[in-house]
Amino acid sequence: MVYIPPFFQQHGLAPDADERSVKRAYAKQLKKIDQETDLPGFQALREAYEEAQEWIRYRDSGRLSQAYAAEQQAAEASSESQTPAPQQEAVSASSEDMAAFGAISWPEPVRPLAPPKLTPDTETGKAKSLPDATETATQTLQDSDGQLAASKAERVFAEMLMAMRKCAGEEGYAEKQLQLAMSDPRLGSSDARYAFETLVAAYLARGWRHGNGELFDAAFDIFNWARDRRRLLSLGRPGHVLERACKEMQAFLERPVEVHKAQWELLKKLRQEKNPGNDYLEANFKKLLVLDELYPVWIWMVTSKDNFHIWKAQYDTLQEIARAKALREAAETEARNKVGPGTGGTFSVPGEEAGASGKAGFFAALRARHWPFGRYYLPAFLCVLALIIVQLIVHDAKTVIPPEVVVQQPVPKTPAARFDAASRELSRAGNNAGKLQKALYELVQLSESGYAKASYQLGWYYREGTQPGPDEAKALNWYIKAAEQGHLEAAVMVADYFFEGRGVNKDLDAAVRWYSKAAASGQSLAQIKLAHLYADGKGVKKDKQRALELISAAAEKGQPLAQSELGMIRMNGLYGTQVSAEKAAYWFMLSARQNNAVGQRMFGLIHEKGLGGYNKDLNAAADWYGRAARQGDAEARKKLKSLCQSGTYPDCSDT
């Protein structure tokens with residue numbers, strides 16, 4: 001039974017059609033789809049097209065004809081006398097293994113179906129279709145020796161689980177046992193192998209368990225699930241779960257190497273240890289919560305959720321202890337600071353009882369009934385003190401300090417302090433020529449001493465200055481000086497001047513040189529501007545891969561424009577990337593939260609259409625469209641207006 005991708009049947013292509021014919025059919029259908037308003041349709045078309053291309057390469061390699069010949073030989077052999085299969089040795093399973101095996105909810109296999117076979121109709125002379133695999137999909141699959149294929153697959157699978165538990169801890173034992181199982185003679189038929197693959201998928205979809213090691217990674221490599229998405233989805237609900245996990249794993253691996261390596265070590269420790277220690281929990285448990293939020297499906301297929309609950313209980317206990325300790329210390333501090341009668345001093349007061357330990361507060365001592373000072377001399381003492389204070393106040397009021405004696409505050413000596421003072425003076429100078437010249441003189445002196453911020457400030461002044469007006473040539477000279485002193489924003493400004501031809505002749509080579517210098521130092525705006533030059537081939541040789549690298553680097557640094565552009569790239573499969581609504585939604589979300597209008601509009605579209613793992617939410621869509629519209633995004637305003645015609649949302653008043 002030979003499988004032909006649905007793309008061929010949907011577009012009337014013959015099974016021997018070449019890649020050029022498939023591309024023409026794809027281009028013709030693509031013109032009928034609005035990629036912005038019908039993203040699900042575009043994504044489905046793209047996936048079907050990629051599957052057709054992959055199938056053509058498989059067909060042209062000769063493996064398809066070999067597989068068909070092997071099936072024919074197996075069918076002929078099954079019609080002859082059947083040889084009893086050798087008996088397998090009895091396998092004794094532990095109660096734990098069989099409990100885990102029996103708890104699996106096995107899905108119904110979903111197989112790709114071949115087109116119906118045709119046979120001549122003796123009455124009409126036309127061909128009629130025989131019952132195909134669709135009509136018998138509910139019947140039990142059987143292999144060539146007459147035994148149930150599913151039963152054989154279950155047996156092999158149970159033996160593999162037990163073998164894995166016996167050699168747990170060895171390097172690569174999960175992959176080794178899976179390969180041994182796949183080479184088992186009992187999985188010789190395609191139905192038995194498919195049933196076994198379905199069992200592995202169902203087992204993995206239930207989450208990680210002790211003893212299965214790296215079975216998740218091994219299964220994805222051996223069954224080629226990462227590249228053959230439709231094969232994975234044909235496994236039913238477990239396949240859909242694993243497909244989501246695969247996307248999350250790819251997103252995890254796309255993080256910087258040092259980041260995902262550290263996070264992977266954390267997941268391995270969670271898998272192995274139930275009590276990592278209080279210090280480790282305090283430092284790393286919040287990182288686990290972030291991983292759970294970012295990759296809610298994948299991480300529980302590669303690490304222990306039971307241990308996570310144990311860690312969480314320990315972490316919550318530590319937090320409760322810390323809160324109780326803080327409250328106790330606060331109460332003790334308040335008690336120490338609270339002053340009451342008899343607790344504020346160490347005066348010994350005559351006549352105090354022994355129970356008071358001879359200590360009393362200062363004012364309590366003064367008020368003591370039997371102490372003569374407190375009774376007779378205190379009023380007189382207070383009067384004398386008041387007269388002295390009044391005399392001092394009158395004397396100070398009569399004293400006049402001559403102006404020449406006033407000491408001037410010293411001028412700040414550090415370059416940063418001098419720069420701040422000069423910048424404030426420049427902003428307050430207005431039309432006062434004297435103050436303006438004084439501030440500019442100070443900035444020039446700082447620039448000559450190598451202070452890059454002063455050079456950049458002078459460039460800004462001559463670019464935006466109003467007296468006598470902007471001077472682009474002078475501005476460029478100061479920006480160049482600041483860039484040469486290491487100011488990265490100044491380097492971007494210099495590149496902009498050469499690219500646009502402001503104050504200087506247009507020079508793409510110089511623009512590329514300055515953009516490259518800033519980008520190499522990690523300046524994200526320079527990275528994205530340089531990426532545009534590589535994408536368009538302006539001043540450099542056209543290089544889509546280099547452009548993608550620069551945009552990705554800027555996006556990783558948090559540049560909102562780069563994040564929105566990377567979202568567009570992943571949404572439409574540009575620059576040789578695969579279409580991924582999930583990754584596009586992730587980058588749109590980051591960009592939108594940084595107030596980028598394009599990111600907000602596209603994140604609104606994600607909510608409106610329910611893409612990238614987000615549920616359809618028109619209220620959220622209207623909210624994000626409204627935010628983008630308030631920044632002047634005309635397309636967002638149109639989309640918000642369209643939503644408001646079919647419903648009422650808080651942002652509809654803005655339309």
- accessible surface per residue for region 157-269, probe 1.4 Å, DNA/RNA/ligands not counted, whole Å² -> 45
- With a 1.4 Å probe and every protein chain left in place, work out the accessible area per residue of region 508-655 in Å², rounded to a whole number. 45
- Query: According to a simple spin-label model (label point 7 Å from Cα along Cα-to-Cβ), what is the distance in nm between Lys641 and Leu618?
  - Reply: 1.9
- Task: Return the carbon/sulfur percentage of the accessible area of region 205-279, one whole number, probe 1.4 Å, all protein chains in place.
- Result: 47
- What trypsin sites (Lys or Arg not before Pro) in region 275-328 are in a loop by DSSP, with at most 10 other Cβ atoms within 10 Å of the Cβ? none
- Query: In a shell of Cβ-Cβ distance under 15 Å around Glu243, excluding Glu243 itself, what net charge do Lys and Arg (+1) and Asp and Glu (-1) give?
  - Reply: +1
- Place +1 on the Cβ of every Lys and Arg and -1 on the Cβ of every Asp and Glu in region 439-559, take the dipole about the Cα centre, and give the residue among Leu508, Ser552, Asn477 whose Cα lies farthest towards its positive end. Ser552
- What shape does region 223-336 take by its C-alpha gyration tensor, where a ≥ b ≥ c are the square roots of the eigenvalues and a/c under 1.5 counts as rounded, a/b above b/c as prolate, and the rest as oblate? prolate
- What number of lysine-lysine pairs in region 513-655 show an alpha-carbon separation below 24 angstrom, given a sequence spacing of 8 or more or placement on distinct chains? 24
- Task: Between beta-carbons, use under 13 Å as the cut-off and find the net charge around His309, counting Lys and Arg +1, Asp and Glu -1.
- Result: 0
- Task: Using the heavy atoms of the protein chains and a 1.4 angstrom probe, tell me the accessible area per residue for region 452-503 in square angstrom.
- Result: 45
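The values are calculated or read from the model by the stated rules, or taken from the named source; none is laboratory data. Note that the structure is predicted; figures quoted are calculated from it, not measured. Note: ideal-geometry Cβ built from the backbone for every residue, glycine included; neighbour counts use all protein chains shown. Heads up: the accessible areas ignore ligands, DNA and RNA and are worked out on the full protein's heavy atoms, side chains in. Shrake-Rupley method; radii C 1.70, N 1.55, O 1.52, S 1.80 Å.
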